[in-house]
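Working notes for the structure below.
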Amino acid sequence: MKPILKLYRGYANEQELIVMGHVFKPTTIEEYNFQKKNVKNATSVIKMFQIKTQANANVYLDHNNIKIHTKTLNDGYFKFCVPLDQNTTYGWIDYEVSIMYKNESITTRDSYIRPHKGNLGIISDIDDTFLVSHTLNPLRKLYVLLFKNINKRKIYEDVVTHYQALSTAGRENKEEFNAFFYVSSSEWNLYRFITKFTEIHKLPKAVLLLKDIKTSLTDFFLTGRGNHNHKFEKIKHILEFYPNLKYVLLGDDSQHDPYLYEAICKIFPVTVKAVYIRQAGGDKKDKVIAVLKNLESLNVAVCYFKNSSEAIEHSQKMGLIK
């Protein structure tokens, strides 16, 4: 058995490249199989939360013909933040990371985005924003996560149309895409599930910024819960990393998105162009209406919607998409 090296999509601006991943201890647990049904799916999901990480493992990034060496943090996570040459490549670019095991190199590839010069960045939540997750009903949420495999999980109607339009908004060349980020309180354990889900439904290819990995069953039952500071910090980081973009923030009213987005808009008063909040329950919430009203006074366009068709109409009216 060999250790396992997992990479995640990275991102770069004009000066810096950021790529990240995890190193896991050798294991007999097989990869999450997306096709398993019911109880088998549940077993598979639970196993994703029982995987053990490798602290202080040596990791090497191949960059510009040099090998950059770092080590994993205590939870097996590694992150390379490296200065970038002023090269001219934009779009999705491949990168390669390796670990050594018994004199043998284990190499994995993924890609990072260096967005073509543009004006727009899009940041979206995942659960109950595009993936139906029943966050308001924790037991149902758990049931769906355990017993519904990837093909049975639902996506909101028209959300793909909206996101695809945002992905190419303001671009003449449709081969070029706006920087797109999915930021969630879900953990890195669910990374492959989320990327696969977005691919199946043809959602824009995006960088995922998730929460610290969980490695125990107790953790599993608390998945997606707890502190949302991580989300705030991740969004703040993106806006600081690409300071010249204008942003569209998409979330829902089942947890803290409206309040996080309000704080972000206050800190970056000229940066956020529009905030979209999906109504996850039966009624609109007064507190959320008040937050959005407050954002309008900061000159941010807002839309509190039940169906994505309303969000599309709003984006068209404000000239965000065609």
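For the structure I just gave you, tell me whether Leu136 is among the hydrophobic types (A, V, I, L, M, F, W, C) and open to solvent by 70 Å² or more (accessible area, probe 1.4 Å). Don't jump to the end; show me each part of the working.
On the way: among the hydrophobic types (A, V, I, L, M, F, W, C): yes; open to solvent by 70 Å² or more (accessible area, probe 1.4 Å): yes.
For Leu136, the condition - among the hydrophobic types (A, V, I, L, M, F, W, C) and open to solvent by 70 Å² or more (accessible area, probe 1.4 Å) - is met.
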Sole exception among (1) open to solvent by less than 40 Å² (accessible area, probe 1.4 Å); (2) under 25 Å from Phe24 (Cα atoms); (3) among the polar types (S, T, N, Q); (4) modelled with pLDDT of 95 or more for Thr107, by number
(1)
Residue pairs meeting the criteria (Cβ under 9 Å; at least 6 apart or on separate chains; first open to solvent by 50 Å² or more (accessible area, probe 1.4 Å), in the range 3-16; second part of a loop (DSSP other than H, G, I, E, B))
Glu14/Leu84; Glu14/Gln86; Gln15/Leu84; Gln15/Gln86; Glu16/Leu84
Considering every residue within the range 147-170, establish whether at least one is modelled with pLDDT under 90, on the phi < 0 side of the Ramachandran plot and not in a loop (DSSP other than H, G, I, E, B).
yes
Some residue of the range 110-128 being at pLDDT below 95, over 30 Å from Val159 (Cα atoms) and not in a strand (DSSP E or B):
no
The correct count of residues that are assigned to a helix (DSSP H, G or I), open to solvent by 10 Å² or more (accessible area, probe 1.4 Å) and closer than 15 Å to Leu249 by Cα in the range 293-313 is 2
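Can you find a residue that is of a type in the set (Ser, Thr, Tyr), closer than 16 Å to Ile93 by Cα and under 21 Å from the mean Cα position of the chain (by Cα) anywhere in the range 20-41? Break it down into steps so the answer makes sense when it comes.
Of the range 20-41, the ones of a type in the set (Ser, Thr, Tyr) are 27-28, 32.
Subset that is closer than 16 Å to Ile93 by Cα: none.
No, the range 20-41 has no match at all.
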Among the numbered criteria (1) in a helix (DSSP H, G or I); (2) surrounded by 12 or more Cβ atoms within 10 Å (Cβ to Cβ); (3) touching a residue at least 40 places away in the same chain (Cβ under 8 Å), which single criterion is violated by Lys36?
(1)
Run Lys102 past the list (1) surrounded by fewer than 16 Cβ atoms within 10 Å (Cβ to Cβ); (2) modelled with pLDDT of 95 or more; (3) of a type in the set (D, E, K, R) and report the number of the one that doesn't hold.
(2)
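Return a yes/no flag: does the range 136-145 have any residue that is more than 30 Å from Lys2 (Cβ to Cβ), basic (Lys, Arg) and touching a Gly at 6+ places or on another chain (Cβ under 9 Å). Reasoning before the result, please.
Here is the first cut: in the range 136-145, the ones more than 30 Å from Lys2 (Cβ to Cβ) are 136-144.
Okay, now just the ones that are also basic (Lys, Arg), so 140-141.
Checking which are touching a Gly at 6+ places or on another chain (Cβ under 9 Å) leaves us with 141.
Yes - at least one qualifying residue is present in the range 136-145.
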Looking at (1) at positive phi; (2) out of contact with any strand residue (DSSP E or B) (no Cβ under 6 Å at 6 or more places or on another chain), find the lone condition where Asp127 falls short.
(1)
Tell me, which residue of the range 72-99 that is more than 23 Å from the chain's Cα centre (by Cα) and free of Cβ contacts under 8 Å to residues at least 24 places away in the same chain is least open to solvent (accessible area, probe 1.4 Å)?
Asn87
Positions within the range 139-173 being within 22 Å of Ile46 (Cβ to Cβ), loosely packed, with under 14 Cβ neighbours inside 10 Å and in contact (Cβ under 8 Å) with a residue 60 or more places away in the chain, in sequence order
Asn151
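Mind checking whether some residue in the range 263-274 is in contact (Cβ under 8 Å) with a residue 40 or more places away in the chain, closer than 25 Å to Leu136 by Cβ and open to solvent by less than 10 Å² (accessible area, probe 1.4 Å)? Step through it out loud before you land on a result.
Pass one, the range 263-274, residues in contact (Cβ under 8 Å) with a residue 40 or more places away in the chain: 273-274.
Within this subset, residues satisfying the condition of being closer than 25 Å to Leu136 by Cβ are 274.
Then keep just the ones that are open to solvent by less than 10 Å² (accessible area, probe 1.4 Å); that gives 274.
The answer is yes, given that some residue of the range 263-274 is in contact (Cβ under 8 Å) with a residue 40 or more places away in the chain, closer than 25 Å to Leu136 by Cβ and open to solvent by less than 10 Å² (accessible area, probe 1.4 Å).
The values are calculated or read from the model by the stated rules, or taken from the named source; none is laboratory data. Here the structure is a predicted model, which is why all the values come from computation and not from measurement. A quick note on method: Cβ atoms are made from the backbone with ideal geometry, for glycine too, and the neighbour counts reach across all protein chains shown. Heads up: the accessible areas ignore ligands, DNA and RNA and are worked out on the full protein's heavy atoms, side chains in. Shrake-Rupley method; radii C 1.70, N 1.55, O 1.52, S 1.80 Å.
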